[in-house]
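Visitor: Next up is a structure, given as structure tokens.
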Amino acid sequence: QVQLVESGGGLVQPGGSLRLSCTASGNSFSPVTMGWYRQAPGKQREWVARISSGGRTNYAESVKGRFTISRDNAKNTVYLQMNSLKPEDTAVYYCNEHPPNAWNWGQGTQVTVSS
């Protein structure tokens, strides 16, 4: 079983940037499509972005053009570069397989966008 650890969150002003990381321990995720998800207070968790084992990417409309997902299979790490952040991006961000594996949810990393 894979253990996923997210990091890189924090408090940022609107328009700012953050880079999230997700590192996997246990089994390698190199052959697996990975995704980023987020859950805002009082809302359901939603999909944000995904990247295939070959590097093909897809994004939710709400983040398209602002967020970039990437991966380093040698490091078992997936990244989410977030630019032009908005208050509505405030959420706990998680990584997981795509579609998500219910056993693999980690603690997430909090992103707060506020002035």
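Visitor: For the chain, treating each Cα as an identical point scatterer without solvent, what Debye log10 I(q)/I(0) comes out at q = 0.12, 0.16, 0.21, 0.23 1/Å?
Guide: Taking Cα atoms of the chain as identical point scatterers yields -0.36, -0.66, -1.13, -1.35.
Visitor: Skip the ligands, DNA and RNA, and give the accessible area per residue of the chain with a 1.4 Å probe, whole Å². The partial results should precede the final answer.
Guide: Numbers: 6050 Å² over 115 residues.
For the chain, the per-residue accessible area is 53 Å².
Visitor: May I ask for the percentage of alpha-carbon pairs in the range 1-58 that lie more than 20 Å from each other?
Guide: Looking at the range 1-58, the distances longer than 20 Å represent 38 percent of pairs.
Visitor: Under 16 Å from the 7 Å Cα→Cβ point of Gln110, by amide nitrogen: which residues of the range 1-22?
Guide: Label zone hits: 6-13.
Visitor: Tell me, what % of the accessible area of the chain is carbon and sulfur with a 1.4 angstrom probe? Numbers along the way, then the final one.
Guide: Details: 2790 of 6050 Å².
Here it works out to 46 percent.
Visitor: Between Thr33 and Asn83, what FRET efficiency comes out of the Förster formula 1/(1 + (r/R0)^6) with R0 = 22 Å and r the beta carbon distance, rounded to 0.05?
Guide: Values: r = 23 Å, r/R0 = 1.05.
Working from the Cβ atoms, E equals 0.45.
Visitor: In the chain, with Lys and Arg counted as +1 and Asp and Glu as -1 at Cβ, which of these residues, Gln1, Tyr59, Ala24, has the Cα nearest the positive end of the dipole, that is, farthest along it?
Guide: Checking the options against the dipole of the chain, the answer is Tyr59.
Visitor: Further question: Assigning unit charges at the beta carbon (Lys, Arg +1; Asp, Glu -1) and nothing else, what dipole magnitude in debye, to the nearest 20, does the range 1-114 show about its Cα centre? The partial results should precede the final answer.
Guide: Working: 11 positive and 7 negative charges, 31 e Å.
Taking the Cα centre of the range 1-114 as origin, the dipole is about 160 debye.
The values are calculated or read from the model by the stated rules, or taken from the named source; none is laboratory data. Treat the numbers as computed from the prediction; the structure is a model and nothing was measured. Backbone-built Cβ (ideal geometry, glycine too); neighbour counts: all protein chains shown. In case anyone asks, the SASA skips ligands and DNA or RNA and just uses the protein heavy atoms, side chains included. Shrake-Rupley method; radii C 1.70, N 1.55, O 1.52, S 1.80 Å.
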